[in-house]
Each structure stands twice: as C-alpha cells, then as structure tokens.
Amino acid sequence: CIDNSFVKPDVDRSVARVEVELTHVGPRARRDLLVEVLDPDGHRAGRAEQEVTLEPGATRTTVEVAVPEPKLWSPNHPDLYRVRASLLDGDRLADQWEDRFGMRTIEIRGSDIYLNGNKTFLHGYGDDCVFPKTLCPPADHAEYRERFSLAKEFGFNYVRHHSHIPLPEYFDVADE
C-alpha cells in the first residue's frame, strides 16, 4: 500500500519530484506505480509510470513528473496542484494516494528570504492554541478561512505556533 508521498517542486526544470513511500507484507513483488499531476484547474499537467520492486517492509521511490509552464504558488496566488499516486497490480488498482502541493521556490540569501525569486518580508504573530469557545482546535475549514482572512487584512503572512501542531484542516486552508 501507499503510506505517504512528498512532493519537491523543481521550478527551474519544470518538474515535480514525487517521493512515494510504500509498505509491503509478503514475498517480493513487482508493481507499476503511476504518478499523475493535475493543475490548479483539475487538468492533467503530467504523468509518469515506473515499475517498482516491493520488498517486505518499506520501500521508498522517487518519480519525476514534468509540469510544463508551472503556475507558481504564493500567498497572493495560491495555485495548488494535486498529485495522484496509483499502485497497480496488473490492471487492478491496489492503492491510491492524493495530496496537494504548490510549485514554488524558496531561497535564503544572507538574511533575506526569496519566494519565487522575489524578496519576501515576514509579518507574523504567535498562536498559542487558545480556543475559548471550544477548548480545542476546531476541525472546520470555515473557521480557519475566517481566521486567515482576518490575519491577511491586518497584513500578516505567517503564523508561529506554540506548544501545538495544527490540525490538517488548518494546513489545507493555509495552503489555499
């Protein structure tokens, strides 16, 4: 089965490097791994197929998928791509994994941060996981959209979290 995937965008080469982690129980087996990238509009941007040999335990492999003329992610233009990894056993779909990612470059030059080649200034605030109404973080996209919208109105472009890791819904909205 597919346990995880991680995308490393390579904007200079117009490629998404997709690392896929697979787990296999049983004797050695060969499978086909199909990796597709869908653009922010939902159209196929690229596709790559690779045969993998699964050993008992964990196997990690990397597949490069061409992403022609990538739309670059930034806070003001949050264009998100979707990667879909499919593990095939002959013609049968054995497992599938989807995730979102942004094509972007981040560089540190001296003490400066550059996003997609443009110098970026960080304006942020601390989040100490205070939720007086619910006592715990809500698993609600709408709540986080409202919070991020308000933060953006005040000119903030990052949040530092203290003593907690936000829920997946938080990160979904942060990417958007």
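Is it the case that D172 is under 26 Å from F6 (Cβ atoms), in a loop (DSSP other than H, G, I, E, B) and either within 18 Å of the chain's Cα centre (by Cα) or modelled with pLDDT of 95 or more (or both)? For D172, the condition - under 26 Å from F6 (Cβ atoms), in a loop (DSSP other than H, G, I, E, B) and either within 18 Å of the chain's Cα centre (by Cα) or modelled with pLDDT of 95 or more (or both) - is not met.
Can you go through A66, A85 and tell me which one is hydrophobic (A, V, I, L, M, F, W, C), open to solvent by less than 20 Å² (accessible area, probe 1.4 Å) and touching a Ser or Thr at 6+ places or on another chain (Cβ under 8 Å)?
Only one candidate qualifies: A85.
Please work out which residue is nearest to the chain's Cα centre (by Cα), limiting yourself to region 140-160 and to residues that are open to solvent by 70 Å² or more (accessible area, probe 1.4 Å) and hydrophobic (A, V, I, L, M, F, W, C). Across region 140-160, the extreme among qualifying residues is F156.
Search region 27-55 for residues being without any contact (Cβ under 8 Å) to a residue 12 or more places away in the chain and charged (D, E, K, R), and hand back the single one that is surrounded by the most Cβ atoms within 10 Å (Cβ to Cβ). In this case the residue turns out to be R44. The residues of region 121-161 that are farther than 17 Å from D175 by Cα and of a type in the set (V, I, T), listed by number, are V130, T134. In region 11-26, the residue that is nearest to R104 (Cα to Cα) out of those that are open to solvent by 40 Å² or more (accessible area, probe 1.4 Å) and free of Cβ contacts under 8 Å to residues at least 40 places away in the same chain is R13.
The values are calculated or read from the model by the stated rules, or taken from the named source; none is laboratory data. Worth saying up front: this structure is predicted, and the values here are computed from it rather than measured. Cβ atoms come from the backbone with ideal geometry, glycine included; neighbour counts cover every protein chain shown. To get the accessible areas, we keep the full protein, side chains included, count just its heavy atoms, and leave off ligands, DNA and RNA. Shrake-Rupley method; radii C 1.70, N 1.55, O 1.52, S 1.80 Å.
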